[in-house]
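Enquirer: Quick one: the structure is below, questions incoming.
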């Protein structure tokens, strides 16, 4: 009996020793990759075996880093945990159809917005067209809009002021139509020295573009396009584009959703041949007539998938404010959104986040700070939750889709990494799950802050670390 026990202990010791050798080798290889990056760059890494819970590698795992879009992991987890799986945003139109007389409606039309981050002009047209389908050709009453689902603070505290003109930082409002973003396409003319062609959507815009771009010969390699903000609503587009250039997408954020909705409604009422000459009013709605029609967003799972795959800031911050509204019973804000998300994370995952961080849902605030350990803990809890499949599949997949579509495309890495990217000035992050060649699932977070050069070098480091883990862990 003693002999058998001795053999067993020796065998266990041999297995343990071999595991230690592998892990020590792994650490050496990781450290070798990191040796090319000096002390001026801050790097935090935590790698954990999902099955055993064992830490395979740790570096500055309890240090705080700006997460950029890794913040969306917390928004996604708290939304899936706290909101109904069938949750949708609703944009609703109310009126008393009994008061339609001979095509004339002389009562009030009510329109309520809920902060739908996916609402389109086409959906808004469906709402207006419902008035025509109800037999209305002229409205002599008022149109009253309720846009009180969220507060009027359109950018989170700590957001970069320089970003406010761009669509990734578009205002987060109860009214979010076409992401509160104007998208235009700049195309070269067929011949040099002619003005470039600027194509805008066929519906009116609250922004004005002045196109000063000239087409140059394809041999001109010095062509650039600059966009200058003249005032609150005017942009001048200057420079040149050569004849061989591909169409250039120009995307600028609007700064006044109320002005935009008035333009859209006036245009769509005219398009649907409904006469309306009164001003549009904005106020909170209490008692309402019957619902005529509602336009709904995609369900929660679809919203979360788009948010994570495409790193959609509008969806992230809308969900953030929505959770804040449900938590506080007040209009959603970045403040009550932060309180709600930290509360949800604490209760559902026993993970305490300081009240000085998780400022917004997207990671756009420079006041957002997280540690690799916090992120790995969240990922570990989500892996064990009933939302694991939806959450993991919603993450970008290496070499396949989302923000990882063009990263880790080699045969040994493609499809093996499900992870959220994060990129901002001096910030590059990658956190998620790795499926190794030995059929292990690793949970990891890589956070890099403080560099002054291009983020590409640090993204390549992240990719190399993932490839190393796939082959050696």
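Enquirer: Determine the relative contact order of the range 19-133: mean sequence separation of Cα pairs under 8 Å and six or more apart, normalised by residue count, in whole percent.
Expert: The normalised contact order for the range 19-133 reaches 14 percent.
Enquirer: Stick to the Cα atoms of the chain, pair each with every other, and give me the Kirkwood hydrodynamic radius in Å at one decimal.
Expert: About 25.0 Å, per the Kirkwood formula over Cα pairs.
Enquirer: Give me the extension gain from residue 39 to residue 224: residue separation times 0.36 nm, minus the current Cα-Cα distance, reported in nm with one decimal.
Expert: 63.0 nm
Enquirer: With each label point set 7 Å from Cα along the Cα-Cβ vector, what nm distance links residue 437 and residue 58?
Expert: 2.8 nm
Enquirer: Using 0.36 nm per residue of separation minus the Cα-Cα distance, give me the extension gain between residue 329 and residue 152 in nm, one decimal.
Expert: Value of the extension gain: 62.1 nm.
Enquirer: Which part of the range 283-317 falls in the paramagnetic zone of residue 258, meaning amide N under 12 Å from the point 7 Å along Cα-to-beta-carbon?
Expert: 283-284
Enquirer: Can you give the three extents of the C-alpha atoms in the range 170-253 along their principal axes, from longest to shortest, in whole Å?
Expert: Extents along the principal axes: 48, 22, 18 Å.
Enquirer: Turning to a different aspect of this structure: Please compute the modelled spin-label separation between residue 51 and residue 285, points set 7 Å along Cα→Cβ, answer in nm with one decimal.
Expert: 5.5 nm
Enquirer: Normalising by the residue count of the range 170-253, find the relative contact order in percent from Cα pairs under 8 Å and 6+ residues apart.
Expert: Normalised by residue count, the contact order of the range 170-253 is 35 percent.
Enquirer: Here's something else I'd like to know. Between residue 25 and residue 302, take the C-beta separation as r, use R0 = 41 Å, and let me know the FRET efficiency to the nearest 0.05.
Expert: Plugging the Cβ-Cβ distance into 1/(1 + (r/R0)^6) gives 0.45.
Enquirer: Put a dot 7 Å past each Cα toward the Cβ at residue 234 and residue 194; how far apart are the dots in nm?
Expert: 2.8 nm
Enquirer: Ignoring everything except DSSP H segments at least 4 long, calculate the 222 nm mean residue ellipticity for the chain; use -39,500 (n - 2.57) per segment, divide by total residues, nearest 500.
Expert: -10500 deg cm²/dmol
Enquirer: What ranking do 434-440, 94-100, 113-119, 297-303 get when scored by the average of other Cβ atoms within 10 Å per residue, highest first?
Expert: 113-119, 297-303, 94-100, 434-440
Enquirer: Which angle from 0 to 90°, rounded to the nearest 10, does the C-alpha axis of helix 372-383 make with the longest principal axis of the chain?
Expert: Orientation of helix 372-383: about 80 degrees from the principal axis.
Enquirer: Which percent, to the nearest 5, of DSSP beta bridges fully inside the range 170-253 are antiparallel?
Expert: Roughly 70 percent of the beta bridges in the range 170-253 run antiparallel, per DSSP.
Enquirer: Angle between the Cα long axis of helix 313-328 and the longest principal axis of the chain, 0 to 90 degrees, nearest 10?
Expert: Around 90 degrees separate the two axes.
Enquirer: What is the gain in length, in nm to one decimal, between residue 164 and residue 400 on full extension, counting 0.36 nm per residue of separation less the C-alpha to C-alpha distance?
Expert: Between residue 164 and residue 400, full extension yields 81.9 nm more.
Enquirer: Moving on. Show me 323-334, 29-40, 453-464 ranked by packing, highest mean number of other Cβ atoms within 10 Å first.
Expert: 323-334, 453-464, 29-40
Enquirer: Under 15 Å from a point 7 Å along the Cα-to-Cβ line of residue 183: which residues of the range 218-250 have their amide N that close?
Expert: 247-250
Enquirer: Between the helical axis of 72-82 and the dominant principal axis of the chain, each derived from Cα atoms, what acute angle in degrees is found, rounded to the nearest 10?
Expert: 80 degrees
Readers should treat all values here as calculations from the given coordinates under stated rules, not as data from a laboratory. It should be emphasised that the depicted structure is a prediction, and the values quoted were computed from it without experimental measurement. Note that we place each Cβ from the backbone using ideal geometry, even for glycine, and neighbour counts take in every protein chain shown.
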